[in-house]
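K.L.:
This structure is in structure tokens; I'll ask about it shortly.
The values are calculated or read from the model by the stated rules, or taken from the named source; none is laboratory data. Predicted, not measured: the structure shown is a model, and the values here were computed from it. Glycine gets a Cβ as well: all are built from the backbone with ideal geometry, and neighbour counts include every protein chain shown. Accessible surface is based on the protein model in full, side chains and every heavy atom, while ligands, DNA and RNA are left aside. Shrake-Rupley method; radii C 1.70, N 1.55, O 1.52, S 1.80 Å.
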Amino acid sequence: FGGFPEVVAESNTEQKIKNLESYFELTVYKDIVERYKIRDSAFVKWFLKSLASSYTKEISFNKIYLTLKSQGRKISKDELYSYSSVVEDSLFAFYLPKFSTSVRKREPVSKVYLCDTGYAKLAETQEDIGKKMENAVFLELLRRKTPLFEYFFWKNQQQEEVDFVVKKGRVVKELIQVCRDVSHLETQQREVRALLKAGRELKCKNLVILTEGFEGEKKEQWFDLTGNILYIPLWKWLLQ
């Protein structure tokens, strides 16, 4: 249910949801509609809930634009990008860009993260602890950020992905995967494979997988790729 104190302290589940809905309405009307003088509050609600349902996933505002256009919704791309900026300014959600060595070649695709995972309760059909772990990692990285640091996600043409690329200046300092359960062999291989490939491409040897409980350091291999991967329980990493 996220980290809002009033929600955390409430023992009744229905009341927790009501509190979250109240915060959501305040964000829509106080932080966005009134502050930016937006007339269409219904669209703001729809847009925020769309982001909440897509948290930790890639979003393309161009695809959202085409979807709205197919539904007969009259909105320009510039307006849509303006809405996306307003949402980030309100601190409801944040965007993580895809890594590229060239700023000009950077794709207009981002992953979205929520200011509080409780908002996902207003849109999700089933709970996913792994997604909430990933969102928590993003928020902690944001808290630790200094002016020289930048964050991205990495994805290659084979659709293999690393959750977080930590870049300082021109140097990639760390690559982080978030994986709740690494006991499943196929899952572990997928996470390790992506890390090793990204490590080679980005010339980074500091490879980390954040888990629910597993801890240790292992030398991993994928064909000709090898690397030492540090497995850290999320709770321990958050306390560093």
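K.L.:
Can you match log10 I(q)/I(0) by the Debye sum over Cα atoms at q = 0.12, 0.15 Å⁻¹ to one of these, (i) -0.76, -1.12; (ii) -0.94, -1.12; (iii) -0.76, -0.96, based on a calculation from the structure here?
P.N.:
The value computed from this structure is option (i).
K.L.:
Shifting gears a bit: Roughly what % of DSSP beta bridges within the chain run antiparallel, to the nearest 5? Don't jump to the answer; show the numbers that get you there.
P.N.:
Values: 26 of 36 bridges.
Roughly 70 percent of the beta bridges in the chain run antiparallel, per DSSP.
K.L.:
Take the alpha carbon gyration tensor of the range 46-126, find the square roots of its eigenvalues, order them as a ≥ b ≥ c, and report rounded if a/c is under 1.5; if not, report prolate when a/b exceeds b/c, else oblate. Write down the numbers at each step before the final one.
P.N.:
On the way: a/c = 1.70, a/b = 1.10, b/c = 1.54.
The shape class here is oblate.
K.L.:
OK, next. What ranking do 126-135, 220-229 get when scored by the average of other Cβ atoms within 10 Å per residue, highest first?
P.N.:
Working: 126-135: 16.0, 220-229: 13.9.
Ranking the peptides 126-135, 220-229 by packing returns 126-135, 220-229.
K.L.:
Using only the Cα atoms of the range 104-240, build the gyration tensor, take square roots of its eigenvalues as a ≥ b ≥ c, and label the shape rounded, prolate or oblate: rounded if a/c is under 1.5, else prolate if a/b is larger than b/c, else oblate.
P.N.:
Working: a/c = 1.43, a/b = 1.15, b/c = 1.24.
In terms of gyration-tensor shape, rounded.
K.L.:
Calculate, for E174 and T125, the FRET efficiency according to 1/(1 + (r/R0)^6) with r their C-beta to C-beta distance and R0 30 Å; round to the nearest 0.05.
P.N.:
Step by step, r from the Cβ atoms, then E = 0.35.
K.L.:
How many percent of the accessible area of the chain is carbon or sulfur, using a 1.4 Å probe? Mind dumping the intermediate values first?
P.N.:
Numbers: 6720 of 13700 Å².
The value for the chain is 49 percent carbon and sulfur by accessible area.
K.L.:
Taking a ≥ b ≥ c as the square roots of the Cα gyration tensor eigenvalues, with a/c under 1.5 meaning rounded and otherwise prolate when a/b beats b/c, else oblate, which class fits the range 162-240?
P.N.:
On the way: a/c = 1.96, a/b = 1.12, b/c = 1.74.
Since a/c reaches 1.5 but b/c is at least a/b, the shape of the range 162-240 is classed as oblate.
K.L.:
I would also like to ask the following. Leaving out ligands, DNA and RNA but keeping every protein chain, what accessible area does C204 have, in Å² rounded to the nearest 10, with a 1.4 Å probe?
P.N.:
10
K.L.:
If you take the beta carbon distance between F149 and I17 as r and set R0 to 41 Å, what does 1/(1 + (r/R0)^6) give as a FRET efficiency, to the nearest 0.05? Don't jump to the answer; show the numbers that get you there.
P.N.:
On the way: r = 36 Å, r/R0 = 0.87.
E(calc), rounded to 0.05, equals 0.70.
K.L.:
Same structure again: What accessible area per residue comes out for the chain, rounded to a whole number of Å², with a 1.4 Å probe? Show your work: numbers first, answer last.
P.N.:
On the way: 13700 Å² over 240 residues.
That works out to 57 Å² per residue.
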